[in-house]
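The values are calculated or read from the model by the stated rules, or taken from the named source; none is laboratory data. The shown structure was predicted, so the numbers you read here are calculated from the model rather than taken from an experiment. Here Cβ is always computed from backbone atoms with ideal geometry, including for glycine, and neighbour counts include all displayed protein chains. Protein only, heavy atoms only, side chains kept; ligands, DNA and RNA dropped before computing areas. Shrake-Rupley method; radii C 1.70, N 1.55, O 1.52, S 1.80 Å.
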Number of protein chains: 2
Amino acid sequence: MSTRGASRKGQERSEAILDTAERLLVDEGHAALTLRGVAQQAGIRLGNLQYYFATREELVRALLARVLERATAKLEKRMGAAGHPTTALDAALESLLEDQKEPASYRLFYDLWALAAREPAIATELRAFYARYVGAVEGLLSHAAPELSRAEAHARAELLVALLEGLSLFRSGTLGAPDPKVESELRRMTSWLSDRSSGGPPSGERRKQQVKQT
Amino acid sequence: MSTRGASRKGQERSEAILDTAERLLVDEGHAALTLRGVAQQAGIRLGNLQYYFATREELVRALLARVLERATAKLEKRMGAAGHPTTALDAALESLLEDQKEPASYRLFYDLWALAAREPAIATELRAFYARYVGAVEGLLSHAAPELSRAEAHARAELLVALLEGLSLFRSGTLGAPDPKVESELRRMTSWLSDRSSGGPPSGERRKQQVKQT
DNA sequence: TGAAATCTAGGTCGTTTGACCTAAATCGTC
DNA sequence: GACGATTTAGGTCAAACGACCTAGATTTCA
């Protein structure tokens, strides 16, 4: 409602504006996302930008919504694609890791994490996104290891997602670069996560599990 | 030194200013860290603040240095404290998890991650911090599992640190709250990380790591 | 074709920011 | 007491920002 753009051209313009804003946010950060800056980068006048997004907050809200919507779609596409048994998890992991080589895809999330810590509205939307994310991983885990309880699968999925998000820090070029050794250990760990041999009582000090490895 | 404060009082004032700035940064975020705001919160005049930190950048630089210095000290204290064998890792983990319940301690890092993605100077300092962090964890791992090669220990340490950083997102109140189930799985995972049974192919380099999974 | 949607070009307004400056007052210590 | 360190109180300046406005031009589409 707040966002105009009833015609096809309006829709396209609206999308183009959001594209520009997204690029600006990724490149320069949240503080540099100004109406004048977006208008200039988009090659339109301030008045025209404000015709579509009357206030800065409106623009940010629309931008966030679109970003998370896209991310969710991409995620579910990946998760649902490889419909095969235990390899689905590996395939999904591979795909996720590939994304992390693209700095742009994660810089934005670093800003979102910071924003979410202070703006409840953003935190809520991010929570919803990660709920889906964890849920999808939980599904893959349960599929790969049916003997896991729902709660266990959920806990492990959350751990795996947390691991991937944290790992992005070390892989997206900011704090480090992809390291084959780390990746190999990561794959070992994920296969362990979906291994049936670790279903025992929580009190167990250390369980002996052998990881099959040729 | 660009930062004045030669006398004892000067030192105290300087610290107080940084305290205020840090609190402001944590509470309101990087964009809200203005010289006037800091001065007001600190109960001093702008001129006085600028007597100590002439420019905003100078203030931010000093703030970052102090934060990372403190974090490093806290870290090494924790890591070095429990000098006992395999329990040292568990103790350190416990301590780290305890910190994550304090939102203030991590909100700041979310801002730093975002900043580091754009300002190389900040990225460099953060890298140095995480290098120590990973190094310390690597030491604990090597100690708990002496048969690990240095490279393996390092890779696993990086994984563990990444996991903890990512987990903070789900534990610091922003995207979620501490979950006993997740923590129990986390402990299982860390004990697995320092388990000798996962050494992989005997002593050989694994260039082609085929993750075996039928 | 005509109404609605889109876009331009320019402006105003109040506010905030960082940076810089000065003149004088107080504090602390040798 | 002297002298430097600290602090106040007030100011200026240019730049940027969000929000708001108008009046007209052009395009789109039913």
field: Å² of accessible area per residue within the stretch A:64-197, as computed with a 1.4 Å probe and no ligands counted
entry: 37
query: Inter-copy label distances at A:Glu147, 7 Å along the Cα→beta-carbon direction, one decimal in nm, shortest first?
result: 2.4
- prompt: Percent relative contact order of the stretch A:64-197, based on C-alpha pairs within less than 8 angstrom and at least six residues apart?
  reply: 26
Estimated inter-spin distance, B:Arg127 and A:Ser95, nm [label 7 Å along Cα→Cβ]: 3.2
- prompt: Which translational diffusion coefficient, to the nearest whole µm²/s, is obtained for the stretch B:43-156 from the Stokes-Einstein equation, given a Kirkwood hydrodynamic radius over C-alpha pairs, 10 °C and 1.306 mPa s?
  reply: 98
task: With a cut-off of 15 Å, note down the residues of the stretch A:101-124 whose backbone N falls inside the zone around a label point 7 Å from the Cα of A:Ala177 toward its beta carbon.
output: A:101-103
message: Quick check: Cα centre of the stretch A:111-160 to Cα centre of the stretch B:106-151, how many Å?
response: 24
Candidate residues A:His143, A:His30, A:His154: accessible-area rank, largest first, probe 1.4 Å: A:His143, A:His154, A:His30
- request: Determine the total buried accessible area between chain A and chain B, counting protein heavy atoms only with a 1.4 Å probe; round to the nearest 100 Å².
  value: 5500
query: For the stretch B:96-198, rounded, prolate or oblate, judged on the Cα gyration tensor with a ≥ b ≥ c (square roots of eigenvalues), a/c < 1.5 rounded, else prolate if a/b > b/c?
result: oblate
For the stretch A:182-188, Karplus couplings with θ = phi - 60° (6.51, -1.76, 1.60), whole Hz, Gly/Pro x: 5, 5, 5, 5, 4, 5, 4
- prompt: Within the accessible area of the stretch A:64-197, what % is carbon and sulfur when the probe is 1.4 Å and the other protein chains stay in place?
  reply: 57
message: Given a 1.4 Å probe, show me the residues in the stretch B:113-156 buried by at least 50 Å² of accessible surface when comparing the whole protein assembly to the chain alone.
response: B:Trp113, B:Ala117, B:Arg118, B:Arg127, B:Ala155
